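Trainee: Can you keep this structure in mind? I'll have questions shortly.
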Amino acid sequence: MSRVVALGGGHGTAVTLRAARRYAADVTAIVSVADDGGSTGRLRAQLDVVALGDLRKCLVALAGDGSVLARAFEHRFSEGDLAGHALGNVVLAGMVEAAGGLVAGIDETAVLLECVGRVLPATTEKVVLKAVGGDGEVNGQVAVSRAGHIERVSLVPDGAVPPDEALDAIAQADQIVIGPGSLFTSVLAAAAVEGVARAIAMSRAQRVYVCNLHPQLPETEGYGVADHVAALRRHDVVVDAVLWDPATGMALGSPDVPVVGRPLAGRNGLVHDPQKLAEALSDLLASSR
């Protein structure tokens, strides 16, 4: 009857959710809402909403098996005023407005999709991601993803807080899975919300970082496993173990937390395989009891 929380955003957290639903009784995603690119960025500007794209991806990952609506959510229009928009982003924006709030709108959408878990925003506030590093200060998730030598990310305005439901899920979790995904623009964008990293540090759950299979250029160019762990620590994100696939070529370095090497890559070697990841995370959770 394990309870698993996945933290991050986008494709990486969607893979974690597809893995977690295979072995966990209760699954919750806590998702970054700082994206400002593509359909998400356009809806942010036009409707004055938080970033919805990563929330959509996570809802689809938890949708009922064979859901036609989930497949439709990923459909992108190719013509007219809606060209480039994912249907799910537009529906989610309407649900948030109709339900009278972000969390309520996501929950109602999850009912339509027959989701087997819950998706929560890291914050309900409209925030912009800011990075500071060797290239100076950069604002906006798209711009940050194109920067290198990043030292630290934060959110503007200061003081964005998570919904109570997110903090409750972290407090009650048996396992917290951080990543995979873009280190600074997804994983740490979610952890940068005030109170999230502190809640993870205080949690009695097993805290696992799933390391990316390859460095992401230019965001984490030259990074090995130890560099990822060091970046987490700079942002006060505490982990108990790291999952790493040695076959992908990601250098290990000398991380100061236990590292478990497992085959995790899918057939194309570019993304994690949900079944392999489920087996590795389930084994880690079992070993902690």
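Trainee: If only one of 216, 206 is out of contact with any Cys (no Cβ under 9 Å at 6 or more places or on another chain) and modelled with pLDDT of 95 or more, which one is it? Talk me through it step by step, then tell me what you get.
Mentor: Values: 216 fails: modelled with pLDDT of 95 or more.
Just a single option satisfies the conditions, and that option is 206.
Trainee: Sticking with this one: Could we say that residue 25 is under 17 Å from residue 206 (Cβ atoms), buried (at least 20 other Cβ atoms within 10 Å of the Cβ) and out of contact with any Asp or Glu (no Cβ under 9 Å at 6 or more places or on another chain) here? Steps first, answer last, please.
Mentor: Details: under 17 Å from residue 206 (Cβ atoms): yes; buried (at least 20 other Cβ atoms within 10 Å of the Cβ): no; out of contact with any Asp or Glu (no Cβ under 9 Å at 6 or more places or on another chain): yes.
No.
Trainee: For a quick check of your reading of the model, give me the residue pairs whose first member lies in the range 39-58 and is at positive phi, whose second is modelled with pLDDT of 85 or more, with beta-carbon atoms closer than 8 Å and at least 6 apart or on different chains.
Mentor: 48/126
Trainee: Among the residues of the range 1-19, which ones are surrounded by fewer than 24 Cβ atoms within 10 Å (Cβ to Cβ) and more than 9 Å from the chain's Cα centre (by Cα)?
Mentor: 1, 2, 3, 18
Trainee: Within the range 236-256, work out how many residues are within 22 Å of residue 203 (Cα to Cα) and either surrounded by fewer than 17 Cβ atoms within 10 Å (Cβ to Cβ) or small (Gly, Ala, Ser) (or both).
Mentor: Qualifying residue count for the region: 4.
Trainee: Does residue 218 satisfy the criteria of being closer than 22 Å to residue 129 by Cα and in contact (Cβ under 8 Å) with a residue 40 or more places away in the chain? Quick ask: steps written out before the conclusion?
Mentor: Numbers: closer than 22 Å to residue 129 by Cα: yes; in contact (Cβ under 8 Å) with a residue 40 or more places away in the chain: yes.
Yes: the conditions hold for residue 218.
Trainee: Looking only at helices (runs of 4 or more DSSP H) that fall completely inside the range 67-130, which ones have 3 or more residues that are touching a Gly at 6+ places or on another chain (Cβ under 7 Å) and not hydroxyl-bearing (Ser, Thr, Tyr)?
Mentor: Helices (runs of 4 or more DSSP H) meeting the threshold: 87-99.
Trainee: Have a look at 54, 35, 65 and point out the one that is of a type in the set (Asp, Glu), out of contact with any His (no Cβ under 8 Å at 6 or more places or on another chain) and closer than 22 Å to residue 98 by Cα. Step through it out loud before you land on a result.
Mentor: Values: 35 fails: closer than 22 Å to residue 98 by Cα; 65 fails: closer than 22 Å to residue 98 by Cα.
Testing whether each residue is of a type in the set (Asp, Glu), out of contact with any His (no Cβ under 8 Å at 6 or more places or on another chain) and closer than 22 Å to residue 98 by Cα leaves just 54.
Trainee: Now a separate question. Go through (1) at pLDDT 95 or above; (2) exposed (fewer than 15 other Cβ atoms within 10 Å of the Cβ) one by one and return the number of the condition residue 158 breaks.
Mentor: Going through the list (1) at pLDDT 95 or above; (2) exposed (fewer than 15 other Cβ atoms within 10 Å of the Cβ), residue 158 breaks only (1).
Trainee: When only residues in the range 40-60 that are closer than 16 Å to residue 140 by Cβ and of a type outside the set (A, V, I, L, M) count, which is modelled with the highest pLDDT?
Mentor: Ranking the qualifying residues of the range 40-60, first place goes to 54.
Trainee: Quick one: which of 203, 288 is in contact (Cβ under 8 Å) with a residue 60 or more places away in the chain, of a type in the set (Ser, Thr, Tyr) and closer than 20 Å to residue 6 by Cβ?
Mentor: 288
Trainee: Which of the residues that make up the range 53-77 are farther than 19 Å from residue 5 by Cβ and of a type in the set (A, V, I, L, M, F, W, C)?
Mentor: 68, 69, 70, 72, 73, 77
Trainee: How many residues, within the range 65-119, are over 24 Å from residue 46 (Cβ atoms), under 21 Å from the mean Cα position of the chain (by Cα) and either among the basic types (Lys, Arg) or modelled with pLDDT under 95 (or both)?
Mentor: 2
Trainee: Is it the case that residue 181 is touching a strand residue (DSSP E or B) at 6+ places or on another chain (Cβ under 7 Å) and at positive phi?
Mentor: Yes: the conditions hold for residue 181.
Trainee: Moving on. Does the range 210-225 contain any residue that is among the hydrophobic types (A, V, I, L, M, F, W, C) and within 22 Å of residue 26 (Cβ to Cβ)?
Mentor: Narrowing the range 210-225 to residues among the hydrophobic types (A, V, I, L, M, F, W, C): 210-211, 213, 217, 225.
In the following step, the residues that additionally are within 22 Å of residue 26 (Cβ to Cβ) were identified as 210.
Yes, the conditions are met somewhere in the range 210-225.
The values are calculated or read from the model by the stated rules, or taken from the named source; none is laboratory data. Remember, it's a predicted structure, so these values are computed and weren't measured experimentally. Positions of Cβ are backbone-derived with ideal geometry, glycine not excepted, and every protein chain shown enters the neighbour counts.
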